[in-house]
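Visitor: Would you mind keeping the following structure in view while I ask a few things?
The values are calculated or read from the model by the stated rules, or taken from the named source; none is laboratory data. The structure displayed is predicted, hence computed values, not measured ones. Glycine also receives a Cβ, built like all others from the backbone with ideal geometry; neighbour counts cover every protein chain displayed. We work out accessible area using only protein heavy atoms, side chains counted, and drop any ligands, DNA or RNA first. Shrake-Rupley method; radii C 1.70, N 1.55, O 1.52, S 1.80 Å.
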Amino acid sequence: MSSTVMRHNFQVISEAEYVPLARRETAKVLADWGMSEEVVGTACLIISELVTNVVQHAAVLSPTAAVTLALEEQTALVLAVADAHPLKPKPLPAAHGLGGRGLFLVDALVKEIHGRVEVLPEDATGGKRIVIRLPLAPVAAHSRRSQTVRSPAVSAAIALPH
């Protein structure tokens, strides 16, 4: 079991104008952690989609979304968004009048890079937490204290702990 090396939690109001705030906070935190632009971009896309889904489908029961960003050792970047709505989302294979294919695309992206998507119950709120794990596999050490990590579609430069 991996231990969490870095974690950042924040709340976002479940209104459309706050989705860019979630994206900016995600980008800032991951850049501060030394993640590459590619990892930051992928994570921002995923967080934007998950928070947008809270706004569109859960806001009536969930006035805020709880966002968690975490780095598990050097093995995975974990992105999670929780809300208080009990219904679990499903990726749609085709766009329709009520929405697009955002979750379908996120699911395909996560599978492409051998990541994992879980929808877990949030007992405290009666809602759910969508947790995405993106693997980070070491490929080369470029200094004694720093290591480049890469997965098939996601890469990052992270500092190794002392």
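Visitor: Give me the residue from segment 18-55 that is of a type outside the set (A, V, I, L, M, F, W, C) and touching a residue at least 60 places away in the same chain (Cβ under 8 Å) and, out of that set, most open to solvent (accessible area, probe 1.4 Å).
Guide: The qualifying residue most open to solvent (accessible area, probe 1.4 Å) is E38.
Visitor: In segment 2-16, is there at least one residue being open to solvent by 30 Å² or more (accessible area, probe 1.4 Å), in a helix (DSSP H, G or I) and without any contact (Cβ under 8 Å) to a residue 12 or more places away in the chain?
Guide: Looking for residues that are open to solvent by 30 Å² or more (accessible area, probe 1.4 Å), in a helix (DSSP H, G or I) and without any contact (Cβ under 8 Å) to a residue 12 or more places away in the chain, one finds none in segment 2-16, hence no.
Visitor: Considering segment 20-33 alone, what residues qualify as being more than 19 Å from I113 (Cβ to Cβ) and in contact with a strand residue (DSSP E or B) (Cβ under 7 Å, 6 or more places away or on another chain)?
Guide: Taking segment 20-33 as the starting set, the residues that turn out to be more than 19 Å from I113 (Cβ to Cβ) are 20-25, 28-29, 31-32.
Hits for segment 20-33 are L21, A22, E25, V29.
Visitor: Within segment 36-66, which residues are touching a strand residue (DSSP E or B) at 6+ places or on another chain (Cβ under 8 Å) and within 20 Å of L136 (Cα to Cα)?
Guide: Hits for segment 36-66 are S36, E38, V39, T42, A43, I46, I47.
Visitor: Looking only at segment 56-71, filter to residues that are within 13 Å of the chain's Cα centre (by Cα) and open to solvent by 10 Å² or more (accessible area, probe 1.4 Å); which one of those is nearest to G115 (Cα to Cα)?
Guide: Out of the qualifying residues, it is T68.
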